[in-house]
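This report concerns only the one structure given below.
Values in this text are rule-based calculations from the coordinates and carry no lab data. Bear in mind the structure is a predicted one, so any value in this text is a computation, not a measurement. Ideal geometry is used to build each Cβ from the backbone, glycine not excepted, and the neighbour counts take in all protein chains shown.
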Amino acid sequence: MYKLLKLLIISSFIVLSCNKKPKQPNIIFIMSDDHAFQAVSAYGHNLNNTPNIDRIAKEGAIFNNGFVTNSICAPSRAVMLTGKHSFINGKVDNIQPFNWNQPNFSKNLQDGGYETALIGKIHLRGAPQGFNHWSVLPGQGHYYNPKFIKNGDTIQIEGHVSPITTNMTLDWLKNIRDKNKPFLLLYHQKAPHRNWMTEEKYLTLFDDKTFNPPSNYFDNYDGMGTAAKEQEMEIDGHAMWGHDFKFLINPITGKKTNFNRELKRLTEKQREKWLASYTPKNDAFRELKLEGKELGIWKFNRYLKDYLRTIQSVDDGVGEVLNYLDENNLTENTIVIYTSDQGFYLGEHGWFDKRFMYEESLRTPILMRYPKEIKAGIEVNELIQNLDFAPTFLDYAGLDIPKDLQGKSFRNIVNENSSEWRDAIYYTYYEYPSVHMVKRHYGVRTDRYKLMHFYYDIDEWEMYDLQEDPSEMNNVYNNPKYSDIRDMMHTRLVEMRDKYGDTDELNQMHLNRYLSARKK
Ligand code: SGN
Ligand code: CA
């Protein structure tokens, strides 16, 4: 009898413990707007120092081949949420509406028992769905004294948007969330988006430094194509004296710039600090009377320094959130991802902004920590896309991955349990004609080659050999030496379009919608 009882107790214990689901991890998905991988010090480009973001990679993994599917803000966020390409989720450009009624991974996690929050920039109009708590910037939002829409109500907060977003995030972690549930937190900074307005404490950071521009800063695009020639995103050409370079008087024309109006958003105290920092620097510039290449290099420095300054506040915020995890015993069971909605040009080809499929805007930083599963110091070289975040998070949460998601979970890649992965990625870009005038294109990239088709008002193909020409200065599409590779890449492109369901007819439909939306 005693033996029987003992057996019963042991077997029921086994059944119970087998039924018990493993503890679901918390997920913090940090995304900054337009943060180039070149400006995360863990990637080794020696521009700036981001110790807190780097810590994620030091204690986890760094992705050397992280890419987006459509290098522009709102579409990129839609891909990330839905796990589907732009032409499937419908948000192909910043102008078309996003349909919040479709499934997204936050809704799935919520249904699966998670407490969810979205804080900061999302840039998708309409009330966010799938979040227990949300506080988002309307549209692009403002750097100073920003408005937020918090669970439907508009509020305005004095100060700089980066620490404000961090404080709201910490407040949710500490005081608002249901601590009995695993959580999903989307912590999304506006910085370093244009026009790079620094937090007051960093106004003089890098004042004593001069940066050398990239080797192709003075590119004349002769080796590229019409699309590269006709863009409008050159630092020394399209960036503006007021909005971008922070001059109150245009040094060339002597006229007042629109920056006077922008400074009006600042309180008197904030404005005083700003003027105390920029006035002497702008006066010194006028004295120099620079011309030609020297002027171009000066502009590059003004742009890059402001851009990097705004990143410093982002890095501080990451540090505060990581500290909160440490202090509350949450580090082990929390997945932390740091990424951007796309890459950004820091003077490569002479450019700022993104949009193109050329490397610096196609590639995005991805750093990830999850001490329970990921070894410290891992480097991931597989071709990962922002399409893959949704299925990856569902995988970690132990939830079903809907069959129609187009990305793949990279859990087994980053755990080093598998090396089976895709060997090519597909890209689309639609927003043209528009600001910066980057023509419509789509393309395929393997680990070595990239084939692109620019269409609508041109019909041009470009191909690059990334091993021989990592800066993409030399279009080899018509080079006879590459004819076999060109055929192979055309085949790959057809495969990609079939696999994901993209067609010329879809392009035409999106174009028609875009042109009629612009007329309104
Ligand atoms: C604004 C910027 C552009 C930028 C787009 C899209 N101009 O229009 O430089 O390309 O946003 O950026 S600004 O004068 O408003 O700064 S995105 O990240 O939202 O897609
Ligand atoms: Ca962006």
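A convex hull fitted around the alpha carbon atoms of region 48-205 yields 145 Å³ per residue. Evaluated at q = 0.11, 0.14, 0.15, 0.19 Å⁻¹, the base-10 log of the normalised Debye intensity for region 408-520, with identical point scatterers placed on the Cα atoms, takes the values -0.46, -0.71, -0.79, -1.07. How many angstrom lie between the Cα centre of region 35-58 and the Cα centre of region 349-420? Their Cα centres are 17 Å away from one another.
Exposure proxy for H142, H85, H45: other Cβ atoms within 10 Å of each Cβ, ordered fewest to most, give H45, H142, H85. Taking label points 7 Å from Cα along the Cα-to-Cβ direction, E505 and W100 give a separation of 3.3 nm.
Note on the chain: antiparallel DSSP beta bridges, both residues inside, total approximately 55 percent of the bridges counted.
Is the shape of region 88-173 best called rounded, prolate or oblate, per the rule: a/c under 1.5 gives rounded, else a/b larger than b/c gives prolate, else oblate, with a ≥ b ≥ c the square roots of the Cα gyration tensor eigenvalues? Because a/c hits 1.5 or more and a/b fails to exceed b/c, region 88-173 counts as oblate. Using the alpha-carbon atoms, what tilt in degrees (0 to 90, nearest 10) does helix 292-327 show relative to the longest principal axis of the chain? The two axes meet at around 20 degrees. Would you work out if region 249-386 is rounded, prolate or oblate? Take a ≥ b ≥ c from the square roots of the eigenvalues of the alpha-carbon gyration tensor; rounded if a/c is under 1.5, else prolate when a/b is larger than b/c, oblate otherwise. Oblate shape, in that a/c is at least 1.5 and b/c is the bigger or equal ratio. Against the chain, whose longest principal axis is taken from its Cα atoms, helix 483-500 shows a tilt of about 50°.
Histogrammed with a bin width of 20 Å, the alpha carbon distances of the chain distribute as 22, 55, 21, 3, 1, 0 percent, first bin at zero. Between the helical axis of 504-519 and the longest alpha-carbon principal axis of the chain there is an angle of about 60 degrees. Each distinct pair of alpha carbons in region 160-215 adds a 1/r term; the inverse of their mean, the Kirkwood radius, is 14.4 Å. Sequence-distant contacts, meaning Cα pairs under 8 Å at least 6 residues apart, place the relative contact order of region 91-203 at 26 percent. Mean sequence separation of contacting Cα pairs (under 8 Å, at least six apart), scaled by the length of the chain, corresponds to a relative contact order of 24 percent. Take every pair of alpha-carbon atoms less than 8 Å apart whose residues are at least six positions apart; their mean separation over the length of region 188-323 yields a relative contact order of 43 percent.
A simple spin-label model places pseudo-atoms 7 Å from Cα toward Cβ; at L275 and K403 they are separated by 6.6 nm. The modelled label-to-label distance for the pair D153/T253, using points 7 Å beyond Cα in the direction of Cβ, is 4.4 nm. Taking square-rooted eigenvalues a ≥ b ≥ c of the alpha carbon gyration tensor, is region 340-493 rounded, prolate or oblate, where a/c under 1.5 means rounded and, failing that, a/b exceeding b/c means prolate? Cα axes put region 340-493 in the prolate bin. Using the rule -39500 (n - 2.57) for each DSSP H run of four or more residues, divided by the residues of the chain, the 222 nm mean residue ellipticity is -10500 deg cm²/dmol.
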